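Input: a single structure, listed below in structure tokens.
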Amino acid sequence: MITARVLSLKELPKNLWLKRLTQQISQWPSSKLLREAELYWIRQAQTGINFNYHNIMKLDPIFDENERVYRVGGRMDNAPLSYDVRHPYLLPKESHFSLIIVRDRHTHALHGGHLRTATKVRKRYWIVGDTNISKVVVRQCIICRRHKGKPIEQRMADLPDFRVNPCSPPFKTTLVDYLGPVNVKLNRNTTTKCYCAVFTCAVIRAVHLTCVQDLSTQAFLQALERLVSIRGAPSLLVSDNGTCFRGANNTINELNLKLDQTTVREQCQRYNVQWKFGPPGGPHHQGAVERMVQEVKKGMRHLLKADRLTFVEWETVFCQISGFING
């Protein structure tokens, strides 16, 4: 627009420039002046084109006698498109005018990616290396950086000591979580739900999978007893703040209060487990067991052939998956 106003003073005497500029402040330049200003900067930019380069000559440039500018040639004269689309203006990538054009088209492209910006540019201009310029413009755009930028993540603390102790036996420190629910077939027309208790060794990431009927405390205690019978009693259990886990912890604490007599201590020694809960709003504290839950789900996708299985069939599937993971 500034160039258009300057060009309007070209044929006037100097003593009338101030009067004309005062009149133009509140008026928008005509479309003819804007067109002349655009062609002026296109001619200035095309002075830096070296037509001896192979990447310029393969575009088959043609000279427009009416506008005295170079356009891209080609074989699209019979296409039902506008003349600017069939023969866009040829511009070098080193010109500052090319950068201004790409920035303007990036705004008109609703701040899209570099490919959308380059597509908008090619509807009227052919800038050599426009894709690279579009990438620079998108990367430097303040609005795009504001909307697409990622927040700074908090650096996580060091792993706790029970996660990095190499001398502890398997399942001495165990992380536990639930997976599910999954559909269990009771008979031909009746189904119910069950869950999978995922016990993970905090050091070597071995898993122990077992089915539980529901989310009750008694069902989890039975799953814990099966773990102790097969893998041995863990010294530390780590879980989230699930209701069933809280209930199981309270039940174990009640049993520990009755461990004064020797006979009761011998029978309930497997429940003498220290229980540690993660914070209520921090599921990432259980990241190790959550990762193994993901591996179990991946194995389920590969092994399952039907949507509904019986309880015994689910137990078999989980045993197979635990064998694959531990192997």
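The values are calculated or read from the model by the stated rules, or taken from the named source; none is laboratory data. Treat the numbers as computed from the prediction; the structure is a model and nothing was measured. Neighbour counts are summed over all protein chains in view; Cβ atoms, including those assigned to glycine, are modelled from backbone coordinates with ideal geometry.
Overview of values
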item: Which listed residue is within 30 Å of Val228 (Cα to Cα), of a type outside the set (A, V, I, L, M), surrounded by 11 or more Cβ atoms within 10 Å (Cβ to Cβ) and touching a helix residue (DSSP H, G or I) at 6+ places or on another chain (Cβ under 7 Å), from Phe171, Phe162; result: Phe171
item: Members of the stretch 282-310 found to be within 17 Å of Ala223 (Cα to Cα) and modelled with pLDDT of 80 or more, listed by number; result: Val293
item: Any hit, the stretch 31-42, residues being more than 21 Å from Ser8 (Cβ to Cβ), loosely packed, with under 11 Cβ neighbours inside 10 Å and of a type outside the set (Lys, Arg); result: no
item: Test: residue in the stretch 44-52 that is in contact with a strand residue (DSSP E or B) (Cβ under 6 Å, 6 or more places away or on another chain) and not aliphatic (A, V, I, L, M); result: yes
item: All positions within the stretch 215-268 that are at pLDDT below 60 and touching a helix residue (DSSP H, G or I) at 6+ places or on another chain (Cβ under 8 Å); result: Leu255, Asn256, Lys258, Leu259, Cys268
item: Residues of the stretch 64-79 satisfying the condition of being more than 15 Å from Ala45 (Cβ to Cβ) and not charged (D, E, K, R); result: Asn66, Gly73, Gly74, Met76, Asn78, Ala79
